[in-house]
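Asker: Once you've had a glance at the structure underneath, I'll fire off some questions.
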Amino acid sequence: FIARGAHLQALREQGLRVKSIQGDFTVSPVQATDDPAQVGRADLILVAVKAWQIPEVALAIEPLMGPGTAVVPLQNGLEAASQLAEVLGEAAVLGGLCTIFSYIEAPGCIEHIGMEPTVTIGERDRVVRPRTDTIRQCLAEAGIVAQAAADINVPLWEKFLVLRWGIIGAVSRAPAGVLRSLPQLREMIDQAGREVLDVAQAHGVPLSRDMLQRNMELLEGLPPQATTSLQRDVMAGHPSEVDAQAGALVRLGQRVNVPTPLHTFLFHALLPLELKARGELQFSD
């Protein structure tokens, strides 16, 4: 593990603890450091930081890179892979995502509260390469539900469709049970979903309209108290992924002249809190 601060200390002292609806476990002992240069070249790098940390992390990854190193980002949003590729090279970076509802309970301790944890990977240029299946098999042998996508853009955008709950939840301060029960919020979720579909289709990503209904079924199946990581970060006054989520859709919509009025409103509504969390703006709550 590459970690910092309290997480690094906890990993070294007690390993990685996971509290899960599928059963608790601890990975111990673990190898952990805050200096990638100590590790040497890696075969596979899973990038699991927040989306807004990618530019900094991309530079830190360079000492780990060898001729055949594969880099798989697992961030929310749509821009992490391209940001990594700008620094590490197009050939090294795959597309990737994970599906899970979890949060950091304490340093070195993760709580998994919903969904089957799954990792999906795929080549960004849609060219079939042996490394994709090799990585999938490696993850599967470690007990991770893993799958390879012929076109990684499709599952990336499908997950992006899910992320709109968190943006609306961050503005409304409402958990999943409230989001799905209030007609006004359900309408906002539906409108945000239509914006995502319109932008995706304008970018040539074939998302079907029935994804909206299937997506709502996922929301119905969550625990009533469930919230997304973006929502929790905003409510805690921490830097969040609002730019990588709402901001990204606004930017991607502008590139193809597709209006995104609700995402624009949500992004702008959260922007003062985001700038405050980053120390770029000061005001009293």
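Asker: Using the Karplus equation 6.51 cos²θ - 1.76 cosθ + 1.60 (θ = phi - 60°), what ³J(HN,Hα) coupling, rounded to whole Hz, does each residue of the stretch 245-261 give in order, writing x for Gly and Pro?
Answerer: Once rounded to whole Hz, the list reads 10, 5, x, 5, 5, 4, 5, 5, x, 4, 5, 10, 6, 10, x, 9, x.
Asker: If you don't mind, another one. Give a residue-ordered list of calculated ³J(HN,Hα) values for the stretch 169-183 (Karplus: 6.51 cos²θ - 1.76 cosθ + 1.60, θ = phi - 60°; whole Hz; x for Gly, Pro).
Answerer: x, 5, 6, 8, 6, 10, x, 4, x, 7, 4, 8, 9, 8, x
Asker: Amide H of Ala3 versus every other amide H placed in the peptide plane: which residues, excluding those fewer than 5 positions away on the same chain, fall under 5 Å?
Answerer: HN-HN under 5 Å from Ala3: Thr33, Asp34.
Asker: Could you work out the Kirkwood radius for the stretch 5-150, taking every pair of different alpha carbons, averaging 1/r and inverting it, reported in Å?
Answerer: When all Cα pairs of the stretch 5-150 are included, the Kirkwood radius is 16.2 Å.
Asker: Now a separate question. In terms of modelled amide H atoms, which long-range or inter-chain residues lie less than 5 Å from the amide H of Ala146?
Answerer: Correct list: Val119.
Asker: Which one, Leu46, Leu207, Leu222, has the greatest fluctuation when you compute a Gaussian network model over the chain with C-alpha springs under 10 angstrom?
Answerer: Leu46
Asker: Using the alpha carbons of the chain, what is the convex hull volume per residue in cubic angstrom, as a whole number? Spell out each step's value before the answer.
Answerer: Numbers: hull volume 39.5 nm³, N = 285.
For the chain, the hull spanned by Cα atoms encloses 139 Å³ per residue.
Asker: Related question: Normalised by the empirical 2.2 N^0.38 Å for globular proteins, what value does the Cα Rg of the stretch 154-278 take?
Answerer: Ratio of Rg to 2.2 N^0.38 Å for the stretch 154-278: 1.00.
Asker: Leaving out ligands and nucleic acids, note down the accessible area per residue over the stretch 154-278 with a 1.4 angstrom probe, in whole Å².
Answerer: 42 Å²
Asker: Hey, another quick one. What does the charge add up to near Glu79, with Lys and Arg as +1, Asp and Glu as -1, over the other residues with Cβ less than 14 Å from its Cβ?
Answerer: Overall, the nearby charge balance is +2.
Asker: Follow-up question, since we're still on this one. From Cα pairs below 8 angstrom and at least 6 apart in sequence, can you work out the relative contact order of the stretch 5-106, rounded to a whole percent? Let's see the in-between values first.
Answerer: Details: 124 pairs, mean separation 20.9, N = 102.
Dividing the mean separation by the residue count of the stretch 5-106 yields 21 percent.
Asker: Right, next: Amide H neighbours of Ala70 under 5 Å, at least 5 residues apart or on other chains, H built in the peptide plane: list them.
Answerer: Placed amide hydrogens put Leu44, Ile45 under 5 Å from Ala70.
Asker: Still on this structure, please answer the following. How much mean residue ellipticity at 222 nm does the chain get from its helices, if each DSSP H run of length 4 or more adds -39500 (n - 2.57) and you divide by all residues, to the nearest 500 deg cm²/dmol?
Answerer: On the way: 11 runs with 128 residues, N = 285.
One gets -14000 deg cm²/dmol as the mean residue ellipticity at 222 nm.
Asker: From the phi angles alone, apply the Karplus equation (6.51, -1.76, 1.60; θ = phi - 60°) to the stretch 154-164 and give each ³J(HN,Hα) in whole Hz, x where the residue is Gly or Pro.
Answerer: Once rounded to whole Hz, the list reads 5, x, 4, 6, 4, 5, 4, 4, 5, 5, 4.
Asker: Using Cα pairs under 8 angstrom and six or more residues apart, how large is the relative contact order of the stretch 190-278, in percent?
Answerer: Relative contact order for the stretch 190-278 comes out at 35 percent.
The values are calculated or read from the model by the stated rules, or taken from the named source; none is laboratory data. Because the structure is a prediction, the values reported are computed rather than measured. Please note: Cβ atoms are built from the backbone with ideal geometry, for glycine as well, and neighbour counts cover all protein chains shown. Side chains included, ligands, DNA and RNA excluded: accessible areas come from the protein's heavy atoms. Shrake-Rupley method; radii C 1.70, N 1.55, O 1.52, S 1.80 Å.
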